[in-house]
Each structure stands twice: as C-alpha cells, then as structure tokens.
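A.B. asks: Attaching a single structure in structure tokens format; questions to follow.
Rule-based calculations on the coordinates, nothing more; no lab input. No experiment lies behind these values; they were computed from the predicted model shown. When we count neighbours, we look across all protein chains shown, and the Cβ atoms used for this are built from the backbone with ideal geometry, even at glycine.
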C-alpha cells in the first residue's frame, strides 16, 4: 500500500485531502501543529492506516522527524502533499510589513515546503518503488494576484510556484512528477474571518462558477494526479478557483 504525507493535514484543505487519499487506499501521515486524534478516529471507516505527527515544517528537526516517523510506520513515502501554510497574523499595507512578518510566512509557506520536498525527493529516489511518486504543492491564486494588504503572503505563494517548476524539472528523470494546485476562495476556517467580504464579491460576479470552493474540490484533484495516467505530465499548474483566473471584459 502506498503512503502519502500531507502537511497541514488536520484542518481545512489538508484534512479534505487526507480523507480523500485514505478513501482511495493510501496510508496517510498527517502532519500538523495541533493534536487531532479525534479526527484520526474518524478515518478508521476508510480501512487505511492513518497517523498524526506533530510537525512545524519550518523547523529542520520537525521535518526530519516527520519523514522518519512515516518510514518507521509504513516503510516508504510515495506521495508528498505540501499543503501547510499560514496567513499573515495581521493584514498590513506593504509599506508597513515588518521583517518579522516576512520571516514568519516565508519560513513556513516557502522554506519549510522547499526543504521537506528536498528531503522526501531523496527518499523517493532511494526507494525501489513501483507506484506513482508525486510531490503536489498547494499554492494559491495569490501566487499571481496582487493583494497589497498581505503582500508577504502573495510573495510566499509565488515562491511555491517556482519551487514546483524547479522540482518538476530536476525530478522528471527520476520518475517523480511534481504539480501545483492553485485554490481560489475556499470555505475553511482560514477564510471564515472574511466571509462577508467574499460573499459580496462572489455575489457580484467575481467568480464565473459563482460559489465558494470547498476542500473536497481540491482533494479530488490531488487523488486524480496520483494516478499512473498522469505519468507523462509534470510541472503543471491546475487552477481550482471557479474560473477566477479567466480574464474577462
């Protein structure tokens, strides 16, 4: 049975991805910063093995422990979903963003994901695997959309996009495929504080499909990309945003 690591897998988009992978027969290692044993109990109905590993991926020791815990439990890692990410603690104009704010977002959203990908890729290369191997990065429409009151978040997601391209190029010859998913406005606890704002914008036609996205919208694409049918693809960007990316007049 193949094994997947999902960072930030205990809530929101990550939890949706973890559930879908478990339903599809993967062993799932959920990495997060908050205990989530009650949620793991609910996974038993899927018949897959699921474990939780506390991990602040901005820390080297935590990344190393995450990988070793997965290997000790399941013997291999075949799928890495880099979903962990944080929003600014406080939205500020880009002229007011502090170095501390930038470090906080870049350490998790970029550096942690980059270095975990590096570590897991080396493990994948060393394995004698006969199952599809994937690194899937969860980016955002903010990778290309300007939000001047949370510029550090936009920059961190743009860095995820280039990380995808670099790893896709480097790992293609190793049989490891790398993809980027760009969610749009997704209904999670992270966006609950701006619900009224986006309800209004969506109602005014911001999104062609005309509704909030849900974690299941992203999760289904992750499972699909893990299939062998996508072995001749890598470096692709998939927008999961209800058509937000379409330029319209």
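A.B. asks: Go through segment 201-249 and give me each residue that's at positive phi and surrounded by fewer than 17 Cβ atoms within 10 Å (Cβ to Cβ).
C.D. replies: Restricting attention to segment 201-249, the residues satisfying the condition of being at positive phi are 205, 210, 235, 242-243.
Within segment 201-249, 205, 210, 235, 243 qualify.
A.B. asks: For segment 159-187, give me each residue that is in contact with a helix residue (DSSP H, G or I) (Cβ under 8 Å, 6 or more places away or on another chain), under 18 Å from residue 109 (Cβ atoms) and surrounded by fewer than 18 Cβ atoms within 10 Å (Cβ to Cβ).
C.D. replies: Residue satisfying the conditions is 161 alone.
A.B. asks: May I pose another question? How many of the residues making up segment 131-158 are in contact (Cβ under 8 Å) with a residue 24 or more places away in the chain and within 15 Å of the chain's Cα centre (by Cα)?
C.D. replies: Qualifying residue count, segment 131-158: 12.
A.B. asks: Residues to consider are 157, 165; find the one that is closer than 20 Å to residue 122 by Cα, out of contact with any strand residue (DSSP E or B) (no Cβ under 6 Å at 6 or more places or on another chain) and in a helix (DSSP H, G or I). Break it down stepwise before answering.
C.D. replies: Numbers: 157 fails: closer than 20 Å to residue 122 by Cα.
Residue meeting the stated conditions: 165.
A.B. asks: Which residues, counting only those in segment 89-105, are over 10 Å from residue 151 (Cα atoms), in a loop (DSSP other than H, G, I, E, B) and within 23 Å of the chain's Cα centre (by Cα)?
C.D. replies: 89, 90
A.B. asks: Then there is this: Which one of these is in contact with a strand residue (DSSP E or B) (Cβ under 7 Å, 6 or more places away or on another chain), surrounded by fewer than 21 Cβ atoms within 10 Å (Cβ to Cβ), touching a residue at least 24 places away in the same chain (Cβ under 8 Å) and at negative phi: 114, 74? First the steps, then the outcome.
C.D. replies: On the way: 114 fails: in contact with a strand residue (DSSP E or B) (Cβ under 7 Å, 6 or more places away or on another chain).
Among 114, 74, only 74 is in contact with a strand residue (DSSP E or B) (Cβ under 7 Å, 6 or more places away or on another chain), surrounded by fewer than 21 Cβ atoms within 10 Å (Cβ to Cβ), touching a residue at least 24 places away in the same chain (Cβ under 8 Å) and at negative phi.
This table checks each residue for (1) surrounded by fewer than 20 Cβ atoms within 10 Å (Cβ to Cβ); (2) in a helix (DSSP H, G or I); (3) touching a helix residue (DSSP H, G or I) at 6+ places or on another chain (Cβ under 6 Å).
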site	(1), (2), (3)
5	no, no, yes
39	yes, yes, no
69	yes, yes, no
108	no, yes, no
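A.B. asks: Could you give me the residue pairs with C-beta distances under 9 Å whose first residue belongs to segment 194-220 and is touching a residue at least 12 places away in the same chain (Cβ under 8 Å), whose second residue is part of a loop (DSSP other than H, G, I, E, B) and surrounded by fewer than 13 Cβ atoms within 10 Å (Cβ to Cβ) wherever it lies, and which are 6+ apart or on separate chains?
C.D. replies: 202/210; 202/211; 208/246; 208/248
A.B. asks: Starting from residues that are surrounded by fewer than 18 Cβ atoms within 10 Å (Cβ to Cβ) and in contact (Cβ under 8 Å) with a residue 24 or more places away in the chain, keep the ones in segment 19-35 and report whichever is nearest to residue 3 (Cα to Cα).
C.D. replies: 25
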